[in-house]
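Take a look at the structure set out below.
The values are calculated or read from the model by the stated rules, or taken from the named source; none is laboratory data. Just so it is clear, the structure is predicted and the values come from calculations on it, not from any experiment. Quick reminder, even Gly has a Cβ in these numbers, built from the backbone with ideal geometry, and neighbours come from all protein chains shown. Accessible surface areas use protein heavy atoms only, side chains included; no ligands, DNA or RNA. Shrake-Rupley method; radii C 1.70, N 1.55, O 1.52, S 1.80 Å.
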Amino acid sequence: MTLQELQQEHAASLQAVAGAGDAAALDALRVKYLGRNGLIPALVKQMKDVPPADRPAFGKELGAWRAAFEQALAERTAAAQAAAEPVAAFDVTLPGRWRAEGVPHPVSRVIEECAEIFHRLGFTVADGPDIETKFNNFTALNTAPHHPSMDASDTFWFDPETLLRTQTSPVQIRTMLENPPPVRIINPGRCYRRDTTDATHSANFHQIEGLYVDTKPVSLADLKSTLAYFAREMMGPGIGVRFRPHFFPFTEPSVEVDFTCHVCKGKGCRVCKNSGWIEIAGAGMVDPRVYEHVGYDPDKVYGYAFGMGLERIAMIKYGIPDIRFLYENDIRFLGQFR
Ligand code: PHE
């Protein structure tokens, strides 16, 4: 075979590979060219009969052919195999895949509802950070320097001046530092205390703070009527409020606020321990010392503040027996609130 004939065979073999329709045809070509009795091995054997002067060129062409043929064969074989893969059957009559629909978390729902109710009374929503200063969370709220709530066993401290807020009350301070009176805000937010978790306690919980300060008289009666309106709107008709004397460093006088037991409507039952009342909030008239810390003139402003536990409201409203259900993210629990 001449070198020219060799080159023609080379080109013909590549053409044959390109034109092969399936794996069987490709395999037949492999046998024809590379098999034990194939053309290329036969030509290699014939090398000894080639005149010595032509041998290098002949050998080089033979090697190049073999390499090009093997590569073309491998590529075509891979392509033929891919084309032969069965197409996944698609059954248009099968029902679609069911996906759970997300619903607002009960705590989020209570926050939304509180915002709506207080909005109708002229309150706007204020905000503040979870990481607070000692000044905003304690000092400006007139908390005595060694008050037990400041203890490391009750509060998560980062350093002597920085902590995770233990209440939403520091938002009162932020609001008054930034705005002249009148201010009328609520603030729902996360709070942190070193509490051991049980059915009614969590180290991370939510409060909603309320603050109304004005330059015209605001009284304890205004506070009571506001909370009474809130109680009815949130818990339904027939729910009343009562005030019990209490103490908070930042209000004077201070009260604890009870709502009529929603289960027995005040008759007395297991849920309210036969008292007919359920404790919901802390509140009071803003203490003059607080006004001094924020630069308000205590003789010229009047105001009240309140703070309520949001989980408590959610638990009462939705009959949730254990606060931990609110944080376990169990779809079987959360799915009930659609
Ligand atoms: N911050 C108080 C608490 O966490 C609640 C409160 C808020 C009391 C506002 C009075 C006024 O217990």
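In the frame of its principal axes, the stretch 8-85 has Cα extents of 50, 20, 15 Å, reported largest first.
For the cross-link pairs K134/K224; K134/K267; K224/K267; K134/K317, the ones whose C-alpha atoms lie over 32 Å apart are K134/K267; K134/K317.
Considering the stretch 1-157 at the alpha-carbon level, its Rg and Dmax are found to be 41.3, 112 Å.
Looking only at R66, R312, R99, which one moves most when the chain is put into a Gaussian network model with springs between Cα atoms under 10 Å? Sorting by GNM fluctuation, first place goes to R66. For K300, a cut-off of 21 angstrom between C-alpha atoms picks up these lysines, skipping any fewer than 8 places away in its own chain: K216. All Cα-Cα separations within the stretch 281-338 were binned at 10 Å from zero, giving a P(r) of 19, 31, 15, 19, 14, 1, each value a whole percent of the pairs.
Taking a temperature of 37 °C and a viscosity of 0.692 mPa s, what whole-number D in µm²/s does Stokes-Einstein yield for the stretch 54-137 with Rh from Kirkwood over alpha carbon pairs?
Values: Rh = 22.3 Å.
Reported coefficient: 148 µm²/s.
Translational diffusion of the stretch 184-225, estimated by Stokes-Einstein from the Kirkwood radius over alpha carbon pairs at 20 °C in a medium of 1.002 mPa s, is 168 µm² per second. A crude spin-label estimate for the pair A144 and Y327, with each label 7 Å from Cα along the Cβ direction, gives 3.0 nm.
At 222 nm, what value in deg cm²/dmol follows for the chain if DSSP H runs of at least 4 each add -39500 (n - 2.57) and the sum is divided by all its residues, to the nearest 500? Kindly include the intermediate steps, with their values, before the conclusion.
Working: 10 runs with 127 residues, N = 338.
Result for the chain, helices only: -12000 deg cm²/dmol.
Roughly speaking, to the nearest percent, how much of the chain's 1.4 Å accessible area is carbon and sulfur?
On the way: 10380 of 18880 Å².
Using a 1.4 Å probe with all protein chains present, the chain comes out at 55 percent carbon and sulfur.
In summary, the aspartates and glutamates within cross-link reach of K60, defined as a Cα separation below 19 angstrom excluding same-chain residues under 8 places away, comprise E5, E9, D49, E70.
Scanning the chain for DSSP H helices at least 15 Å long along the axis (C-alpha atoms) with a Kyte-Doolittle mean no lower than 0.5 picks out 23-34.
Legend: Rg and Dmax of the chain, from Cα coordinates, 41.0, 122 Å.
Put H105, H119 in order of accessible area, largest first, 1.4 Å probe: what do you get? Intermediate results must be reported in sequence, preceding the final value.
Details: H105 45, H119 130 Å².
From most exposed to least exposed: H119, H105.
Projecting label points 7 angstrom from Cα along Cα→Cβ for N274 and A11 puts them 11.0 nm apart.
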